[in-house]
Structures are given as C-alpha cells and as structure tokens.
Amino acid sequence: MGETYSENNNILELKSISNIHNEKFIIPSFQRGYRWEPVQVITLLEDIKEYIEKKLDTFMCLQPVVFYKKNNNDNKLEELVVVDGQQRLTTIAVISRCLGLDNINIEYNKNNKALQDILNNVESYLNTNKMDINNLFNDDNKLLFEKTSEIYKKIYLSARNNSDKVNLLDEYYIILSYLTIKCWLENEKNIEESIKSIKNLFTSDKDNFSIKFIWYDVTGEINGKETKAINIFTRLNIGKIELTDAELIKALFLKKDNFKDSELDKKLHIAYKWDEIEKTLNNDSFWYFLSNDKDKPKKDRIELVLELAANIKNDEQHNLFRNYENKLKNKNELDKHWQAVEECFMTLKEWYNDNEMYHYIGFLLNNKLESLENIYTNIYTNKLESLDNIYKRDIIKNKVIEKIKTKINVDEVKNYTYYNNEEEIKLILFFSNIYETIHSNQARNKKGSVTETITNRFPFDLYIKEDFDVEHIAPQTENPLNNKEDRIKWFKDSYEYLEKIDFSKINDDEIKNNLTEENIKKIIENEDNKNINNIIFNSEKWNIIYNYILETAIEKGKNINLEDEEHCLGNLVLLPRDINRAYKNALFGIKRKYIIDKETEKYRFIPVVTRHAFLKYYSKNIIDLWTQEDAEQFKKTIINNLKEFLGIN
C-alpha cells in the first residue's frame, strides 16, 4: 500500500469474530469467486485447534479484511464492500454456521446470492435426504468431492443449462468447505469438547482468547469511487501479495486519530523518517551487514528495526503487528514507541558508519556467532549507553575474541585440514579478511597520507550474494574432477599453460597412441573425438593423465608437491562458488590469471587475503608457483594475526 497511509484517511484496527455479526459484507463482482480447497480449510481449522491447545496469552490474528463502507439508506446493517480477504472471511462464516452460531452476513454481487441462503439450501438437502457426511475423508478425498458434486448438481444444476455452470462455482466451493468442516468436526477425538472450545473462541472478544481480523477500512481512500477499489484490489492481488506487518504497522503509526490538528508536523516527521529508514535498509551494503537473509523483500526490511525496537521476534504470522497494535492502543505512548524505533535505527547507522564496529558486528552476525537481538539488547544498549565510541568498540571487539575462542583451538590451527576442519578454516579465513581490512585502514591513518577517511570496507553484501567456498591455492594431487566438462577444461587449460605436453613418455600405450598432437589440437578447438573421449571419461585412464600433467608441471617449474601442506590452512582461501567451479584444482598460474582477470575486467569481489595470496604478497618466491615455503609463510601470517587479535603470545 506504500505512501497512501500518510495521505488517505484509512483506518486500521483489530476486530474479533464475535463483533462482525452486525455488518453486511458485499463481495463485489470484480473479485474472483470463493475458491478454497479442503487443504486450505483444514489448515485454518488446525491452526485454530493449535491456538486453543497452546493456551497462548494473546489473540489469534487473521490476515487483513480490506473494505470500504457503502452508503446505506435502510439503516439496518452497515454494508461493507470487501476489497480483499473474502476467502478467509467466507470460510470463517461457514465454520460459524457449522458450529450453530449466528450467521455472518455475506452477499455476492456476481450472482446475487447470500451465503446464508446457500447454506440453508445445503442443510435442507442433507436433512431431506438423510445423507451421511461423517466419513468423507480418505487419502485423495474422493468421497468428499463426490458428495459435493452430488449436492451441487441436485440443488443448482438440475434446472440449469451448462452455460450457467461457471456462475455457480462459488456455490460448489462453499458446499465443499461446508462438508469439509462438518467432517473435520465429526472426526475430532473429543468432538463435544472441541466444538465447545471453538464456539467459545468464536464468541469471545478477550485479548487473551479470541480470533481477530486485521480490519482495514479504506473508505477514505475510495471516496465513493469503485474504480479506486478495483485499483486497490489489483495492487493487493498481483502475485497475491498480502499486506505485510511493515505496511500494517506504518498505518498504525500514521492513523489520523493519533494526531491533533496542530500536530501535522509530527505526522509528517514520522512519515519522513519511515521512508528514510526504508531507503537505508534497501541499500544492500547496509542490509547484509546486519542480515544474511537474501529472501526478505526490500519493502519489508524495516521489520528488522521494528523487531529490535520492540524486543520481539516475528516468528508467527502478524506477531509483530499484534505487538505494535497493543502498544499503540494508548495514543499517549505513540511518541515513546516511535522514539524507540528511531533510536534503534540511529544505533544501527552508528555501527555501520564506524569502521571497526561495522567489521566486528558484521563478522559476528554473518558467521552466526551472535544474534543481532542479543548484540543490540544485551551487549550494546544495556551496557554502552554512557560510554564513548572507543570503549564501545572494545566491548564489541572482546565479544568477537570470546566467540572465536569458543570455535577455534588456536594451538591446533596449524594442524587443521580441509577435510577435517573446513568449517573452522572458513571462519579463520573470514576473520583474516576482516582483520586485514581493518588494519589496512589503520596503517594508512598512521602514515598520515589518509586522515579519518575509510578507504577499505569488507562488502558483506557481495560475500553473501556470491556464496563463497574454501578452495585450494595449488592443485590437489588427488583427482577431484568427475564430469566431462571439468576434465576437458582442465586438460585444455593445463596443456596451453604448460606450452604443450609430450605424452610419448606416458606409461600407457592407449593414452600414448591417442593423445597425439593432432588429436589434442581437436580438443583445443572443441572438436569431438570418440577415442579421446573414451580415454578422458575413463576414470582409471583419466587419473593417469591427470597425474602425468601434474608431474610435467613440476618438471617445468609450474607446480610443486606441497606434501603435508596440501590440505592445510596455508593452501586454502575463500573464492566465489562459480569461480571455484570454473577453475577447481587448476594449476596455480592458471587460477591466478583467471582471478586477476575476474577482479579487474568483470569487477568481481575477491577477498583481500585471497588476492594477496595469489599475488604472492606473503612471500618473495617466483610468481607462477605456490611452494611449500609460500604455504608455510601464508599459514604463519594468518596464525600470527589471529594470535595478535586474541591477545595470545
């Protein structure tokens, strides 16, 4: 619904089922008909049952009913034209009828029928024909659909021609829901107790035991024009996007009756700040610093701030909205609750803008070492209100130290291997990138060439979006290449990089006879060759070829056997998953060139430690070879940095 909340006189409230019997609901012809299947009806019934059994000290909240009031001259029931939410409203009305409660009055403009009349016809037919409807559930609900069709045909189709059927589908699905509900109730173990409990729930208006709709009156926005109602219906039903907690809470804060006529500036301030918070959270750099949720729609990201400010978790549908609806019942407390939202947002901005806080908190959150709620509520807000930024950084830094120590045995890091400690190695490499990023800024500041300007920041958004893996720097001696494309690519890249390979010395006649210069040229030019394919796709033959190429690379000074360091920290870095797949186990020089090309030409994010490793930043050896000495020096640097940060000698 967006900005309209601040400029239209829409009204948002909660309304229990027990309080909607005095309205007359009109389902306009622009709405699609009632179409709930048994699975949806049963899901709602099971949700109601679960709510009762859990004995929650709050009400059960249903999706919004969006409506506008129609001018009514007979002064009987107030007529509400339903713009959105008729499926659930109709089902609740049918459940109410099945429980023997007062009717909820619904009429359908499309066929000029009232729900009450349809249900009267169904019950009359069942009573007249003494039809047993208690055992209709089975694996495919075949009996349920058969009985529905039988009743539907007898009541509505016997005097109609086939062209009328399409206009009677509402009746079919209403009959289907009625039978589903009746059968579900009859199949309950303690039927009398269950019916009694649901009846009590449907007739209750208590905040701690009732079912409430989110009641959204858009009469002010419609202003008597049905075309505007159709626009709202379309907006809410493109891809069936329901109103979110964020949209509903915005409407709560900006309700017209929250403000006196003299308080327009206050309302405009809240609307302006809301938009500012949304805009900031829609910046991926800001969002992924705080969250690794890639699925959260941008329009709902503000819920993160609303949850933190209210200190609740939105783990149930509309739980967040219910919380704020309860808080804002007292209009005198609106300022207090909005101030909590603003203060929360300003704190998150403070973290984001402080270079060290940004990196330390982003590290904790993105590695799931600490929750945002705990950092904000327990670690930060309660302890740091009176401290300046230097001490705040120290407390957060100490939390990073504490969490790293619980995950990593520093004395054993030198013995960590890819196959036994991949999770710990990934954490260490992530930390190393954070550490080097922070220290690169500090070094520049100390030299005086850059004063307080932040020049380097770890982009959590790119790290999360690109799905990083732990990858070997120099190739593994074991052959990890299993599919056709990977083997062909590795062969071609290695052959060209090593400037031809003489296979005449290989100790296998079949390979020797087929890997001729002429046939290899066909591989390079992507021509298919059955004999070569048979060799490369044979695992035994491929292992011989693979190891022969590695030995040739060693002879040419383009590779070296790392022995004990092959799977250790000194031969491992973080790389985006697609780069890892494309050049998995490539020779160092090939992978190095590819990574540099990706970063410079394709503007891909390569973490600073990965880049430094492939540029031989940690050692002075020849650039096209990753040696035992390189691996040992790389590992030593990472461990020393880790120990320095943790305060370990």
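The values are calculated or read from the model by the stated rules, or taken from the named source; none is laboratory data. Model, not experiment: these values are computed from the prediction. All Cβ positions, glycine included, derive from the backbone under ideal geometry; neighbour counts span all protein chains shown. Each accessible area value is taken on the protein alone, full model and side chains, heavy atoms only, with ligands, DNA and RNA left out. Shrake-Rupley method; radii C 1.70, N 1.55, O 1.52, S 1.80 Å.
Within the range 207-257, which residues are modelled with pLDDT of 85 or more, among the β-branched types (Val, Ile, Thr) and over 23 Å from residue 279 (Cβ atoms)?
Once the filter is applied, which keeps residues that are modelled with pLDDT of 85 or more, among the β-branched types (Val, Ile, Thr) and over 23 Å from residue 279 (Cβ atoms), the range 207-257 yields 211, 214.
Scan the range 161-171 and tell me whether some residue there is over 30 Å from residue 53 (Cα atoms), surrounded by 12 or more Cβ atoms within 10 Å (Cβ to Cβ) and at pLDDT 80 or above.
Checking the range 161-171: at least one residue is over 30 Å from residue 53 (Cα atoms), surrounded by 12 or more Cβ atoms within 10 Å (Cβ to Cβ) and at pLDDT 80 or above.
So, in the range 16-39, how many residues would count as being without any contact (Cβ under 8 Å) to a residue 60 or more places away in the chain and either small (Gly, Ala, Ser) or closer than 15 Å to residue 93 by Cα (or both)? Working first, answer last.
The initial filter retains those residues of the range 16-39 that are without any contact (Cβ under 8 Å) to a residue 60 or more places away in the chain, namely 22, 32, 39.
Narrowing the set further to residues that are either small (Gly, Ala, Ser) or closer than 15 Å to residue 93 by Cα (or both) leaves 22.
Of the residues in that region, 1 qualify.
When residue 264 is evaluated against the numbered criteria (1) exposed (fewer than 14 other Cβ atoms within 10 Å of the Cβ); (2) in contact (Cβ under 8 Å) with a residue 24 or more places away in the chain, which criterion, by number, is the only one it fails?
Failing condition for residue 264: (2).
I'd like to know if the range 94-105 contains one or more residues that are at pLDDT below 90, crowded, with 19+ Cβ neighbours inside 10 Å and within 29 Å of residue 20 (Cβ to Cβ).
no
Can you name the number of the only condition in (1) under 27 Å from residue 219 (Cα atoms); (2) among the charged types (D, E, K, R); (3) in contact (Cβ under 8 Å) with a residue 24 or more places away in the chain that residue 313 fails?
Residue 313 satisfies every listed condition except (1).
Mind checking whether some residue in the range 595-609 is on the phi < 0 side of the Ramachandran plot, at pLDDT 90 or above, touching a strand residue (DSSP E or B) at 6+ places or on another chain (Cβ under 9 Å) and not in a loop (DSSP other than H, G, I, E, B)?
Looking for residues that are on the phi < 0 side of the Ramachandran plot, at pLDDT 90 or above, touching a strand residue (DSSP E or B) at 6+ places or on another chain (Cβ under 9 Å) and not in a loop (DSSP other than H, G, I, E, B), one finds at least one in the range 595-609, hence yes.
Which of the residues belonging to the range 310-326 are surrounded by fewer than 17 Cβ atoms within 10 Å (Cβ to Cβ) and either under 16 Å from residue 256 (Cα atoms) or over 26 Å from the mean Cα position of the chain (by Cα) (or both)?
326
Within the range 466-496, can you find the residues that are more than 15 Å from residue 548 (Cα to Cα), touching a Lys or Arg at 6+ places or on another chain (Cβ under 9 Å) and part of a helix (DSSP H, G or I)?
Once the filter is applied, which keeps residues that are more than 15 Å from residue 548 (Cα to Cα), touching a Lys or Arg at 6+ places or on another chain (Cβ under 9 Å) and part of a helix (DSSP H, G or I), the range 466-496 yields only 486.
Give me a count of the residues in the range 497-511 that are in a helix (DSSP H, G or I), open to solvent by 40 Å² or more (accessible area, probe 1.4 Å) and farther than 15 Å from residue 591 by Cβ.
Summing the residues that are in a helix (DSSP H, G or I), open to solvent by 40 Å² or more (accessible area, probe 1.4 Å) and farther than 15 Å from residue 591 by Cβ in the range 497-511 gives 4.
Applying the selection to the range 117-131, what residues are open to solvent by 70 Å² or more (accessible area, probe 1.4 Å) and either closer than 20 Å to residue 37 by Cα or at pLDDT below 80 (or both)?
Result: no residue meets the conditions.
Mind checking which pairs have a first residue in the range 359-376 that is of a type in the set (Val, Ile, Thr) and a second that is open to solvent by 30 Å² or more (accessible area, probe 1.4 Å) and modelled with pLDDT under 90, Cβ under 8 Å, 6 or more apart or different chains?
375/399
Quick one: would you say residue 204 is within 30 Å of residue 326 (Cβ to Cβ) and modelled with pLDDT under 90?
Judged against the criteria, residue 204 is not a match.
Is there a residue in the range 36-50 that is touching a Leu at 6+ places or on another chain (Cβ under 6 Å) and buried (at least 17 other Cβ atoms within 10 Å of the Cβ)?
no
For the range 375-391, check the following and say yes or no: at least one residue is over 21 Å from residue 286 (Cβ atoms), over 26 Å from the mean Cα position of the chain (by Cα), among the basic types (Lys, Arg) and modelled with pLDDT under 85.
Within the range 375-391, one or more residues are over 21 Å from residue 286 (Cβ atoms), over 26 Å from the mean Cα position of the chain (by Cα), among the basic types (Lys, Arg) and modelled with pLDDT under 85.
Name every residue in the range 512-565 that is open to solvent by 90 Å² or more (accessible area, probe 1.4 Å) and within 25 Å of residue 474 (Cα to Cα), in order of residue number.
540, 551, 555, 556, 563, 564
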